[in-house]
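To start, the structure itself, in structure tokens.
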Amino acid sequence: MNVVFDGSRAATFDDSLASLRPLGTLAYFGPVLGAPPPINISVAPVTGASSGMGKDIALRLIQEGYLVYGGARRVDRMADIEAAGGTAIALDVTDDGSAATAIDRILRERSRIDVLINAAGYGQYGALEDVSMADGRRQLETNLIGPARLVQLCLPHMRARASGKIVNISSIGGKFALPLGAGTMPRNSPWKAIRTRSATRFGNSASTSS
């Protein structure tokens, strides 16, 4: 038996949001079409924004005054993000072209990225002998390789501005074993090791939240 869990549980993110509050005013109701935002408005792409923690974080950031780009494969499930004042964009983190197109669009429209939230991911449960290698590779692409690619795309811009924050969402499952959880472990512990330590030398900060 192989069970896939897409993390659709609603969640709050108060502690991390407190450290990401944008500089300056929160009373911003949208720029003139095509114009970059005022200098004191932070721009935040959020992956996995069609459900679960990604959606919750995107909506909370909008409430906090961020210009949010919610990214996911299922754009039709992000209507509430657009209704709240955010922007829904097609983003498949397993597709390099899709990731590059999404980041290029944000930089073209806003001229900056202040916070990257890597929330896309899912758990895969089952006996190890029942989880196919194709399923395992797909999960690695979604939970580890895809987020790393987005960090690569955003870091040069953040380094040039000497400012930026990166938050990678992992799981408590990286700290202890779960029954039939062998298939989901790749999501969790690698980010603890990566942590983008080198980015902090250039005024950027990165964190991994479990």
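Just so it is clear, none of the values below were taken in a lab; they were calculated from the coordinates. Since the model is a prediction, treat every value here as computed from it, not as a measurement. Neighbour counts run over all protein chains shown; Cβ positions are idealised from the backbone, glycine included.
Laid out as a table, the results:
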| item | result |
| --- | --- |
| Sum of side-chain charges, D114 neighbourhood, beta-carbon under 10 Å (Lys, Arg +1; Asp, Glu -1) | +4 |
| Net charge of Cβ neighbours under 15 Å - reference G85; Lys, Arg +1; Asp, Glu -1 | -1 |
| Dipole of the range 87-165, positive end: most advanced residue of P156, A120, A90 [Cβ charges, Cα centre] | P156 |
